[in-house]
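J.: Sharing a structure here in structure tokens format.
None of the figures in this text is laboratory data; all of them are computed from the coordinates on show. Since the structure is predicted, the reported quantities are computational estimates derived from the model, not experimental observations. Ideal geometry is used to build each Cβ from the backbone, glycine not excepted, and the neighbour counts take in all protein chains shown.
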Amino acid sequence: MNSYQITDFCHEMVKSHIAPGDLCIDATMGNGNDTVFLCQSVGGDGKVLAFDIQRAALEHTREKLEKSLEYQNYELYLDSHEHMAEYASEGSVSCILFNLGYLPAGDHALSTRSDSTIKAMEAGLALLKKNGVMSVCIYSGGDSGFAERDAVLAWLKGLDHKKYLVLVTEYYNRPNHPPIPAFVVQM
Ligand SMILES: C[S@@+](CC[C@H](N)C(=O)[O-])C[C@H]1O[C@@H](n2cnc3c(N)ncnc32)[C@H](O)[C@@H]1O
């Protein structure tokens, strides 16, 4: 692994669950880095659905995708991720990425929120295929506060251990509320 930055670490952890031709979801498009990663991972025969509530996120992501890819294997939706089940069928998705928080250099008030994040993760679980994975980058402190972190961790803790493998990792020796990479695998 070249980088232990949270997003790179999450990409590394999910990539063995993704094959060319798969359907994947970027639940929080932002500036499109995760969308590009998923589009490259599934290749021209695959498909990526990406969601954000901010038009600026769609524009940044589209620009990045057009520069990075020679094929068009994505659909970008200006919609909240809690509606993702309207766009894909149950058991059809191999990877769903959540990168919580706010659009960098954007309006911090338009951050992800625990109520819609939990609804979206619930919806996402139903879409995952067997051995599919959901990755969640959780931030806390500062503008983010702790409410979303605590709600997401409580929700993860409550998942049925017979149906889901849940891994919550830590930057154990980093000060100041480091981000938390978490993973759910559909068994
Ligand atoms: C940390 S950024 C995501 C970074 C992004 N994945 C990337 O690679 O650049 C979080 C994004 O979540 C978006 N967001 C907030 N609430 C949302 C919701 N209910 N549904 C979808 N996206 C949401 C924000 O607008 C913001 O762009």
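J.: What number, rounded to the nearest 500 deg cm²/dmol, is the helix-based mean residue ellipticity at 222 nm of the chain, given -39500 (n - 2.57) per DSSP H run of at least four residues and division by all its residues?
T.: The helix contribution divided over the chain gives -9500 deg cm²/dmol.
J.: What does the charge count around LEU127 come to, taking other residues whose C-beta lies under 11 Å from its C-beta (Lys +1, Arg +1, Asp -1, Glu -1)?
T.: -2
J.: Which residue fluctuates most in the GNM of the chain (Cα springs below 10 Å): HIS83, HIS17, HIS108?
T.: HIS108
J.: Further question: Any idea how far the Cα center of the range 23-43 sits from the one of the range 106-158, in Å?
T.: 17
J.: Convex hull over the alpha-carbon atoms of the chain: what's its volume per residue in Å³?
T.: Output value, Cα hull per residue: 114 Å³.
J.: Could you grab the relative contact order for the chain? Cα pairs under 8 Å, six or more apart, rounded to a whole percent.
T.: The value is 20 percent.
J.: Further, regarding this structure: In the range 23-51, whose amide N lies under 19 Å from the spot 7 Å out along Cα-to-Cβ of LYS67? List them in ranges.
T.: Label zone hits: 29-41.
J.: Still on this structure: Could you check what % of the DSSP bridge pairs in the chain are antiparallel, to the nearest 5?
T.: 40
J.: Right, next: Please work out how many pairs of lysine residues in the range 34-187 are eight or more positions apart (or on different chains) and have Cα atoms closer than 28 angstrom.
T.: 17
J.: Taking R0 as 22 Å, what FRET efficiency do you get between ASP79 and SER16 from their Cβ-Cβ distance, rounded to the nearest 0.05?
T.: With R0 = 22 Å, the Cβ-Cβ based efficiency is 0.15.
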